[in-house]
Each structure stands twice: as structure tokens, then as C-alpha cells.
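Quick notes on the structure that follows.
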Amino acid sequence: MNTATSELLNRKVGELHNLPAMPAVLRSLSECLSQDAEMVSIDKVVDLISYDKSLAGQCLRMANSALFQRKSNIASIREAVVALGIRNIRDLVYSVSLPKLFAGTKHGMAPVTFWRHALGTALISQHFAYRLGIKPQERFYLAGLLHDIGILVNALLFPKEFGEILEAARESQTPLCEVEQRVLGFTHCESGRILADIWKLPEDVCSAIEFHHQLPNEEHDPETVAVVYLADLLCRLRGLGYGYYEARGFDLASEPSWQLLAAKYPAALRLDMARFTFELDGFAVEVEALVDSIFSTERHS
């Protein structure tokens with residue numbers, strides 16, 4: 001991010017004074033998870049989630065969904081924490097609490113559309129890492145979930161301009177970031193990094209937010225960026241995008257992000273893309289159902 005862009009965004013943030021703060025339950029969970037695994041208190045994690053009944057209910061719903069491939073019914077938050085693991089529970093909490101945090105954002109894309117894309121990118125990022133044998137795989141979910149958080153920042157900071165940007169992108173079938181750059185002089189990648197720094201997110205997540213529309217760079221966690229880039233692109237081309245069709249071709253072998261991963265992980269060369277894209281279509285059905293459920297619960301709570 002260049003100096004002029006950083007100064008502009010920080011000035012706008014200072015003027016606005018209302019970028020969402022990190023939800024208390026997420027902040028507390030992050031503090032718990034900063035300890036060594038054997039020091040994490042399961043009782044405290046269970047209590048934090050159970051404090052918010054809506055959050056607890058949605059966590060249970062997601063823990064029992066086909067996306068997490070549980071074979072037995074999970075009936076309590078404690079069972080979910082034990083069965084899925086502390087860090088997976090953190091990801092679930094982010095997935096169901098952040099849509100509420102930005103519920104009042106106007107002039108942007110429909111919230112359901114945004115969070116379908118975010119959750120789809122999270123799950124496909126993690127699945128990509130699993131299929132390629134990249135470890136630790138847990139880091140990819142959160143990076144994928146938050147990669148486009150700058151879209152919500154732009155909708156808050158520049159509501160009129162962003163509404164026009166979204167309409168222009170839809171009419172021209174152009175990637176959103178290209179129209180943002182032309183109109184604002186920067187994209188949601190830069191503004192997302194501002195919020196990531198405010199929230200003190202892990203550096204790999206910050207890199208995915210800031211660089212997921214750029215060529216992989218060795219200085220900026222290239223594996224995470226490459227995986228999120230591909231997952232984001234596949235979502236946009238497979239019906240989990242920004243609510244409009246993007247007129248662009250896709251040749252996986254020619255993508256620099258794929259080339260970077262294929263050079264390091266032999267499993268990439270053995271990946272059956274026809275089967276993989278079929279799996280993505282299955283994810284799409286589950287993602288739509290879960291996000292619709294989250295927003296349906298919010299409307300009736």
C-alpha cells in the first residue's frame with residue numbers, strides 16, 4: 001500500500017469513528033487461543049460461546065452441517081468444541097458473528113451475497129490446502145473468510161461511490177477490484193488491511209486480505225495468498241461471487257498462483273480438476289443454506 005493511499009484511508013477512518021470493533025467474544029477467544037494448546041481452557045471457550053444464545057445455536061447448526069462432515073449428532077457446545085477442536089470452533093464463531101457485526105452496512109452488495117462468497121472462499125481455501133497437502137490447514141479458513149472484508153469497509157467509508165462501483169462492475173461484467181481502482185484509486189484489499197490492523201489479525205490473514213488480487217510475493221506469505229486467490233476466483237466463477245457474472249476466462253495451469261503451488265506440492269499435479277469443481281458445487285449448496293439460515297435467524301431474533 002503506498003503512502004498516499006494509507007494516509008487517505010487512515011484519515012477517513014479517523015473521521016468516521018465507527019468501523020466495527022472486534023466482537024468481545026472473538027477477542028476473548030483469540031486471547032484463549034494465543035496460549036499453548038494444552039493451556040487452553042475448554043470450559044472458558046464453552047462459556048464464551050454459550051453466553052450468546054444466538055451464536056451458540058448457529059455454532060451447533062454449523063457443527064452438524066455436512067460441511068464439517070460430522071457423523072454423529074452434536075447436541076451441546078462442549079461436544080462441538082471437543083469434536084471439532086478449539087481452532088475450528090474459532091472459525092465457526094467468526095463465521096456466524098461477523099455477519100451481525102456488519103448488518104447495518106448500506107450501499108454495498110446484499111449481505112447474504114457477500115457472506116455466501118466469504119464462507120465459500122473460506123471452505124474452498126481450506127479444502128484446497130487439504131487436497132494439496134499444505135499444513136497447517138487451519139489457517140486457510142480464516143484467511144478465506146476475511147479476504148474481502150475491505151468491501152464492507154469501502155461501503156462504510158465511501159457509500160455513494162461504492163454503490164456506483166458495484167453497479168458499474170455489474171453492468172460491465174468486470175472484476176470489482178478493477179472498478180474500485182479506477183474510481184477510488186485503491187481497492188478493498190488496501191482498505192481491508194486497515195481493518196485487519198485495527199483488529200490485530202494474524203499476519204497470514206492480513207497478507208491474504210491485502211494481496212489476494214496480486215501475484216504471489218515471497219515477502220507476503222505466498223502460499224496463503226495463492227490459495228485464497230484461487231479459492232476466491234473459483235467461487236466467483238462457480239456461482240458464489242458478488243451477485244453478477246464476470247466475463248473472464250480461466251485456465252488454471254496459466255495462473256501464477258497455481259504455478260507457485262504446483263512447483264512446491266506434487267499433489268497439485270495429480271489433482272482432478274473436474275472432480276474438484278464438482279466438489280465445489282456441493283459446497284455451494286451447503287454454503288447457501290447456512291448463510292440463509294444465519295440471516296433468517298437474525299431477522300427473527
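Just so it is clear, none of the values below were taken in a lab; they were calculated from the coordinates. Just so you know, these numbers come straight off a predicted model, no measurement behind them. Here the Cβ is made from the backbone with ideal geometry for all residues, glycine too, and neighbour counts use every protein chain on show.
Per-residue Cβ neighbour counts within 10 Å put ARG270, ARG131 in the sequence ARG270, ARG131, beginning with the fewest. Using C-alpha pairs below 8 Å separated by at least 6 residues, the relative contact order for the chain is 20 percent.
In terms of surrounding Cβ atoms within a 10 Å radius of their Cβ, LYS200, LYS100 rank from fewest to most as LYS200, LYS100.
Across the cross-link table entries LYS44/LYS100; LYS100/LYS160; LYS100/LYS200; LYS53/LYS160; LYS44/LYS200, which are compared at the Cα atoms, the separations over 26 Å belong to LYS53/LYS160. Estimated purely from DSSP H runs of n ≥ 4, each contributing -39500 (n - 2.57), the mean residue ellipticity at 222 nm for the chain is -21000 deg cm²/dmol once divided by its residues. Contact order, relative form, for region 21-101: 35 percent (alpha carbon pairs under 8 Å, 6 or more residues apart, mean separation divided by residue count). Along the chain, the longest continuous region that contains none of the GluC sites (Glu not before Pro) in a DSSP loop with at most 10 other C-beta atoms within 10 Å is 1-217. Each of the peptides 229-238, 119-128 was scored by the mean count of other Cβ atoms within 10 Å over its residues; in descending order, highest first, they stand as 119-128, 229-238. Listed by number, the DSSP H helices of the chain that run 24 Å or longer by alpha-carbon position along their axis and have mean Kyte hydropathy of at least -0.5 are 111-132, 273-299.
Taking square-rooted eigenvalues a ≥ b ≥ c of the alpha carbon gyration tensor, is region 21-101 rounded, prolate or oblate, where a/c under 1.5 means rounded and, failing that, a/b exceeding b/c means prolate? Oblate, because a/c is 1.5 or more while a/b does not exceed b/c.
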